[in-house]
Amino acid sequence: MYGYVRPERGELRVREYERFRGVYCGLCHTLAARYGPALRFAVNYDFTFLAMLLAGPDEPEPCARRCPYRPTRKTVCPGPSPAMDAAADYTVVLAYWKLRDGAADGRFFPALGSRLLAAAIGPAYRKAASRRPAFARETERSLAALAALEREKCASLDAAADTFARILAAAAESAGNGPRPEAGDSAGDPPRVRAVRELLYHLGRVVYVLDAADDLASDTAADAYNPLRYRFDTEDGRLSPEDEAGLRVTLSHSHNSIISAFQLLDGTPYTAILENIIYLGLPAAAQAVFSGTWRAGRRPGREERSRL
Amino acid sequence: MNDPYSVLGVSPSASDDEVKKAYRELARKYHPDNYHDNPLADLASEKMKEINEAYDSITKSREGGGYGGQSYGGGQSYGGGQSYGGAYGGGAYQSQSQSRQQGYTGPRGGGANATYAMIRNHINMNNLSQAEAMLNTIPTHDAEWHYLMGSVYWRRGWMDEAARCFRTAATMEPGNIEYRNAVQYMNRGGQAYRPSGMNTGSMTNADICTICQTIYCADCCCEMMGGDLIRCC
């Protein structure tokens, strides 16, 4: 999807890194098992994080699976779990709506491609949406709200980021014991769901803002909507040093909110990896975006495929 | 009640110093200033209560069991009278805590009227849509209006809009400490506990200038409130 939510690899222990790879592979296998092998393309780092965040205190029994991309050796990944199923369902829902979003894009050929792909994963989407109705509704509603903001060239960074943040926050329903029947007032939620929702809201906000900052130059060149263009009145697709500092401060608030919410969660087998991602990975991604090395540093191949 | 040792994450055979260290670390983690106007502040204070109780019960049982040599009074725990202030950079955070304790109810800023008091109440109770609806019915937007609107945004997680509102309020009424504190808090980018080894990552570019500035600001704030952070200036 975006790929900003990833560990700072050099700071991981080897066993943590292997465990992280295992969850990534596990998500890929879960997607294939639940929605067919074609849906493997939707696997991404952001929802690998989600699968670990939603995981319960006990890790499922590990199992060895063969990877179709590297058939010569098997990878060890966690067995099926409710958290992994939920992360796979959310991945499919978001992948579908991102493709639909791309289909509404003005340019003919990219739009056609997105339309065809969206049609191709339509059946998988319907299955996923029936499993996670509240999340599917929130995604559809929020992306429609974002499209409206784009049309009116909304200058409020928060309003634009809110749409994506709400989508991720909706995934917090799975942090409790199974999905709740109706998403209503959030005050009565168990503490864990509240903390995960707050964490995911601000994570969504950070991802949206980082993506906007990363795309600012290309959006300006293509005259496409980007909230930063209107929020900071940029002319040439660059932020002035003061504006960049302001943007970093607002990101820092969200980052601190993520940390504060994370600290209220009980430990799981993935806590050390989540800590790495939250404390080190996110700031590193932000640093790479602001220094302009994010795009240049993106490795082709596997990671490129993982982008929706 | 849970086992006090597992609450503090130490083994029952841990030394007094280890228990104290673990307790201090957790107290730093769930310190109210890390949950400043945070929607999860109630959960953090629950945790704080839990670790305070665990620490008190351990120290009490150890005193009874002959560990009394280094007497840990009940007042040692956070919030029990002994100030943690110094360790957290002193005045600036303390004044923050004070303003939070007063909440949004106090008639401050000069222009306070009954509607604003009600809106502050709604914000305190987290009835944000109610507070926003009431704010939208007020035709004239004075400094307090912007401040309260900023508070609604802040609680919602709309930090950019909140910062702009607080800045407008502080510009309209430069003498108001509440507004100025809010702007300063926003400019700092908030705060949260980071375990050791994980504190290198930050979203901001804090250079030595910013740090000095912050300390100087904290000192000024402190002096305004009658205290002093840095004796020599």
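Quick test for you: out of A:LEU228, A:LEU199, A:LEU247, A:LEU280, pick the one residue that is within 14 Å of chain B (Cβ to nearest Cβ), modelled with pLDDT of 95 or more and surrounded by 21 or more Cβ atoms within 10 Å (Cβ to Cβ).
Residue meeting the stated conditions: A:LEU199.
If we scan the stretch A:254-274, do we find a residue that is open to solvent by less than 10 Å² (accessible area, probe 1.4 Å), more than 23 Å from B:GLU50 (Cβ to Cβ), of a type outside the set (A, V, I, L, M) and facing another protein chain (nearest Cβ under 7 Å)?
yes
Being of a type outside the set (Phe, Trp, Tyr), in contact with a helix residue (DSSP H, G or I) (Cβ under 6 Å, 6 or more places away or on another chain) and within 14 Å of chain B (Cβ to nearest Cβ) is the requirement here; does A:ALA172 meet it?
yes
Name the residues in the stretch A:283-298 that are open to solvent by 20 Å² or more (accessible area, probe 1.4 Å) and facing chain B (nearest Cβ under 10 Å), would you?
A:ALA284, A:GLN287, A:PHE290
What's the total number of residues in the stretch B:1-18 that are under 21 Å from B:GLU46 (Cβ atoms), open to solvent by less than 50 Å² (accessible area, probe 1.4 Å) and of a type outside the set (Ser, Thr, Tyr)?
4
Taking only the stretch B:133-188 into account, find how many residues are of a type in the set (D, E, K, R) and over 27 Å from A:HIS255 (Cα atoms).
3
Since B:ASP160 meets every condition but one in (1) at the interface with chain A (Cβ under 8 Å from one of its Cβ atoms); (2) on the phi < 0 side of the Ramachandran plot; (3) open to solvent by less than 20 Å² (accessible area, probe 1.4 Å); (4) modelled with pLDDT under 85, which condition does it not meet?
So the condition that B:ASP160 fails would be (4).
Would you mind stating whether B:ALA87 is part of a helix (DSSP H, G or I) and at pLDDT 90 or above?
no
Working only within the stretch B:132-149, note down all residues that are at pLDDT 90 or above, closer than 19 Å to B:GLU173 by Cα and hydroxyl-bearing (Ser, Thr, Tyr).
B:TYR147
Name the single residue that is most open to solvent (accessible area, probe 1.4 Å) among those in the stretch A:3-44 being closer than 25 Å to A:ALA212 by Cβ and in a loop (DSSP other than H, G, I, E, B).
Ranking the qualifying residues of the stretch A:3-44, first place goes to A:GLU8.
Test each condition in (1) at pLDDT below 90; (2) more than 21 Å from the chain's Cα centre (by Cα); (3) open to solvent by 10 Å² or more (accessible area, probe 1.4 Å); (4) not hydroxyl-bearing (Ser, Thr, Tyr) for A:GLY79 and report the one that comes out false.
(3)
From B:ILE123, B:ILE138, which residue is in contact with a Lys or Arg (Cβ under 7 Å, 6 or more places away or on another chain), open to solvent by less than 40 Å² (accessible area, probe 1.4 Å) and among the β-branched types (Val, Ile, Thr)?
B:ILE123
Residues in the stretch B:22-32: is at least one hydrophobic (A, V, I, L, M, F, W, C) and either within 9 Å of another protein chain (Cβ to nearest Cβ) or open to solvent by 40 Å² or more (accessible area, probe 1.4 Å) (or both)?
There is no residue in the stretch B:22-32 that is hydrophobic (A, V, I, L, M, F, W, C) and either within 9 Å of another protein chain (Cβ to nearest Cβ) or open to solvent by 40 Å² or more (accessible area, probe 1.4 Å) (or both).
Considering only the stretch B:1-44, state which residues are under 30 Å from B:ASN127 (Cβ atoms) and among the charged types (D, E, K, R).
B:LYS29, B:ASP33, B:ASP37, B:ASP42
The values are calculated or read from the model by the stated rules, or taken from the named source; none is laboratory data. Please read all numbers here as calculations on a predicted model, not as lab measurements. As a convention, Cβ positions derive from the backbone with ideal geometry for all residues, glycine included, and neighbour counts pool all protein chains shown. Heads up: the accessible areas ignore ligands, DNA and RNA and are worked out on the full protein's heavy atoms, side chains in. Shrake-Rupley method; radii C 1.70, N 1.55, O 1.52, S 1.80 Å.
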